[in-house]
Amino acid sequence: MKAVKFIFAATVAALVSSAAFAEGWSVSGNYRGTAEGFFRKTIIDSTNDSSETNQFQTFAFNGGYNLGTYAGFGPNRLRLNLNYDGELAGFTFRYQSGTAWISDSNIKFAQAYINLVDGLVTLEGGLLVDNHTGTDGDIGYAIADGEFGVRLNVSPVEGLDINAVIAGSGDPTYGFAAKYTNDAFSVVAGYTPSEKELYAGASLTAFEPVSAIGEVVINHDTGALTFGETVNVTLGSLGFGFIATEAKENSDADFTFALSPYVSYDLSGVITEGLSTGLDVAYKYNGENNYSVKVTPEVTYKVGAGAVQLYYSFIILRTNTTAHNETNVIGLAYKVNF
């Protein structure tokens, strides 16, 4: 991928030499984390016996208790975004800590671009992120995200993106996609011959107060299939909706599914500005005697660029026929944006 590296280096050099270089830069990000205490009981179904353990840990769902989508703000993490948006060229970069502060996976993308033909054509290179033709929902499918490569994107009319991408080395990832977006809806479809995967998605925002997203990913070689649905409804201070996925690993496998409904209420006009409460439920089914249920009431307080959330979760987890776990979790989550 020497050509990719050359394009990436040439674009960065063009940025540095630009007279407006300093004016186009922006920095953003956030830090989030959680402290949790939990009480866990293992119930042996055949004898009705149980064993119990008590302990306190300061992790953010890294121990497997984040079985749903909505409880807390997510794992302990620092995210730093660095962007330059210029008329001729630009650059986007993301650092994100995980279980380690310094590792090969901390750089999520580092992509430079050049605008050609008055912005009709955009050539991108580097550690890629698809800002054009990914799906909008929880699956968030995109071609070659996080791989080192090149993308050529064409925008013949407003709202329409058509592109082709090649990334990686040895057996490269390559594919093409198209997406149309306007104020009322968006539709996207793409195909990656290298992965033998076809994907498509649609989102609808025209009918307030409802927004809806649908996604599908199909592997025509293995028969793997994934569907995703997201629905959100906002009625004044009241919000509710759900995220759902249905998937099978191959043509012979059974479907597994996950459903995460939620309801929230903004208490700003009732108690104090920035205060809200909610209830989140998460159910995952991975086959007979393999499922999890999580129920989480929470209270969130937003102040300035940050927020804190106090929550309680009751979790049932079964992975076999003889026993299941019941866990009570109390957590305090925090998040600061910058």
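The values are calculated or read from the model by the stated rules, or taken from the named source; none is laboratory data. On a predicted model such as this, the values are computed, not experimentally measured, just so you know. Cβ atoms come from the backbone with ideal geometry, glycine included; neighbour counts cover every protein chain shown. Surface areas here come from the heavy atoms of the whole protein model, side chains and all, with no ligands, DNA or RNA. Shrake-Rupley method; radii C 1.70, N 1.55, O 1.52, S 1.80 Å.
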How much accessible surface does Leu78 have with a 1.4 Å probe, in Å² rounded to 10?
-> 50 Å²
May I ask you to give the solvent-accessible area per residue for the range 240-310, in square angstrom, as obtained with a 1.4 angstrom probe?
-> 57 Å²
Under 1.5 on a/c is rounded, so check that first for the range 109-241, then, if it is not, pick prolate when a/b is larger than b/c and oblate when it is not; a ≥ b ≥ c are the square roots of the alpha carbon gyration tensor eigenvalues.
-> oblate
Sites Val299 and Glu246, calculated FRET efficiency, Cβ-Cβ separation with R0 22 Å, nearest 0.05 | 0.10
Dipole magnitude of the range 78-204, debye to nearest 20 (Cβ charges: Lys/Arg +1, Asp/Glu -1, about Cα centre) = 240 debye
Residue-span extension gain [Glu326 to Tyr285] - 0.36 nm each, minus C-alpha spacing = 13.1 nm
Would you work out which of Leu259, Pro193, Leu204 lies farthest towards the positive end of the dipole of the range 174-261? Charges go on Cβ: Lys and Arg +1, Asp and Glu -1.
-> Leu204
